[in-house]
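Step one of this worksheet: look at the structure below.
We did not get these values from a lab; they are worked out from the coordinates using the rules stated. In this text the structure is predicted, and so the values were computed from the model without any measurement. Here the Cβ positions follow ideal geometry from the backbone for every residue, glycine too, while neighbour counts run over all protein chains shown.
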Amino acid sequence: MRALLPMAAALLMVGCASSTMDAARTGAPNAQLDSRKNADRVAQCIQYGWQDEKVFGVDASGYLETRKAGGFTVYTREAQAFVDVYAQGEGTHVDFYAARQDGVALQRKAAAATCL
């Protein structure tokens, strides 16, 4: 019974993040980035960078999911920022979305850009 509660909470968070991301995707991304690296390397690098507690403190979170449409999504708690990473030609395209355009969002975008 105790194991069910954390699992249910995690599923609820994923559901909320998913609807937030779907709503954001109806608009234009805040930034679009391209790389010559392959998509899985770029996505893993972004996830790792967003988990850096020295940069993001207690808000250091980075979750990686495979997208049904292909590619990957890396997102933070409550999807305050996320990227869609997918193969494009011989490289990778990254769409960056942020709920707020503040200093933390700029740091997340910069961390993503270092992976290109």
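Counting every other Cβ atom within 10 Å of each residue's Cβ, R108, R100, R67 order from fewest to most as R100, R67, R108.
Note the listed values (1) 6.8; (2) 7.6; (3) 8.3, then indicate which one is mean projected area of the Cα convex hull in nm² calculated from this particular structure. Correct label is (2). The lysines whose alpha-carbon is closer than 25 Å to the alpha-carbon of K68, local same-chain residues fewer than 8 away aside, are K37, K109. Would you mind pulling out the separation of the Cα centroids of the stretch 43-58 and the stretch 81-105, in Å? If we compute the Cα centre of each part, the gap is 14 Å.
For helix 4-25, what angle does its Cα long axis make with the longest principal axis of the chain, in degrees from 0 to 90 and rounded to 10? Helix 4-25 sits at roughly 40 degrees to that axis. What does the charge count near R67 come to, summing +1 for each Lys or Arg and -1 for each Asp or Glu among other residues with Cβ under 14 Å from its Cβ? In short, -3.
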